[in-house]
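Below you'll find the structure, written out as C-alpha cells, and then a few comments.
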Amino acid sequence: LHRMQPTITTMTKGHRRTTANRIRTAVFAGLLLSQSVVVAAFQSQAPPLPSLCQNIHHHHPSFTSQTRLDAKKKTAGGGGGFGSSGGFGGANKKKSSSKAVVLDPSKVRSVSGYTGSGTKVLATAANNFDRIRKLFGKTATTDVYVRSPLNDETVFWFVGKVVRMITDEEAKADLNSNWRPDATTENELVGTVYPTEVEAIVSQKRLILEYAKNQLRPQNMAGPYSSALELWSAPGDSEMDTVQNKIKLVKVDGSTKDLRDGFHVKDVGYNPEIYIGDEKEKGGLRVVRDL
C-alpha cells in the first residue's frame, strides 16, 4: 500500500459517535420498502468521486424495536444480488448441474434466496454487534472496507464494523475495553473457540458484500464489478487515523472453509455503515491509496 491522496473533501466534526442518536430500525424498515425498487444504478455512469472522503463515522446505536420480516420468494426475471426487484435478500439463481453448497448457519451469517432475507440477517448481525460491543468496546472491534478493483482499484470504501468475543485476558490488557469482572454470564462464549479478526469478517463476508454492493454503492460494486470485490480491515474505530494514512489497511483472505470447528457465528456481529443525506448520492467515507 502506498500513501493515500492528500485531499479531504468534507470532514464533519463529531459526525459519528458511539452514543449518536441515529435509529437503525428506521433504516432497516427502509430496506424492506426498497424491495420494490429496481437496483439499476450501476448500469449508468457513476458520478466522479471526491478524492478522499466525505464523512467520518462511528458506531451506530442499538435497535429500539424488532424489525418484522415477511420474506417472499423471488420472482423470475430479476437482477442478481439482493432480490429480483432490487430488494435486500433475494438472489437470481443460475441453473447448474452441480449440487448447491449448503452453508452451516452456526458458522456463516449469509443470505438466502428470499426477498427480504438479507434484512433479517442484517438485523440479527447488528443486534449481536451491539451486545458484544457493549461488553468489550473497540478492543474487540474491527473496521471493514471494500475495494472494487474493476471499478477503481485505488478506492477503499468503509462499509461498517465487525466485533467478536474476546478472552478476559485480552479485554483486561486493553484500557479501552469495557470489560468488567462481574459480567461472567454475558461473557459466556457460544462456541468453543474465541473468534479471530479474520473469522469475524469471513463468517459474515457474503452479508457484508451483498449489503455494500446493493445498499451502499451499487454504482461502484454491483453488476460487472461484483465478481472482484475484496474485503480489507483496519483496527476498530480508526477511521480518522486511516484517513490520515497512519493506519495500513490489511487485505482479508480466506473463506468459510477456513473457519475452525469450534467457531460459532453468534460470537461475532456486524454493524453496517449507513448513508444519510448527500452520502446516498455522493457516497460516504472512503480512502484513496495508489497501488
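The values are calculated or read from the model by the stated rules, or taken from the named source; none is laboratory data. Just so we're clear, the structure is a prediction, and the values are computed from it rather than from any experiment. The protein model used for the area step is the full one, side chains on, heavy atoms only, and it has no ligands, DNA or RNA in it. Shrake-Rupley method; radii C 1.70, N 1.55, O 1.52, S 1.80 Å.
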Self-check item: Global size of the range 147-227 as Cα Rg and Dmax, reported in angstrom
Solution: 17.2, 51
Quiz item: Got a number for the accessible area of Ser177? Probe 1.4 Å, square angstrom, nearest 10.
Solution: 20
Quiz item: Can you tell me the Rg and the Dmax, both Å, for the Cα atoms in the range 223-280?
Solution: 15.2, 44
Quiz item: What percent does the relative contact order of the range 118-248 come to when contacts are Cα pairs within less than 8 Å and at least six residues apart?
Solution: 35
Quiz item: Among all the aspartates and glutamates, which ones have a C-alpha under 12 Å from Lys257's C-alpha, if same-chain residues fewer than 8 places away are not counted?
Solution: Asp104, Glu199
Quiz item: Which value, in Å², gives the accessible area per residue of the range 181-260 when a 1.4 Å probe is used on the protein heavy atoms?
Solution: 46
Quiz item: How big is the range 115-177 by the Kirkwood estimate over distinct Cα pairs, in Å?
Solution: 13.6
Quiz item: Taking the range 158-275 on its own, what percent of its Cα-Cα pair distances exceed 17 Å?
Solution: 63
Quiz item: Share of the range 189-291's accessible area from carbon and sulfur, percent, 1.4 Å?
Solution: 49
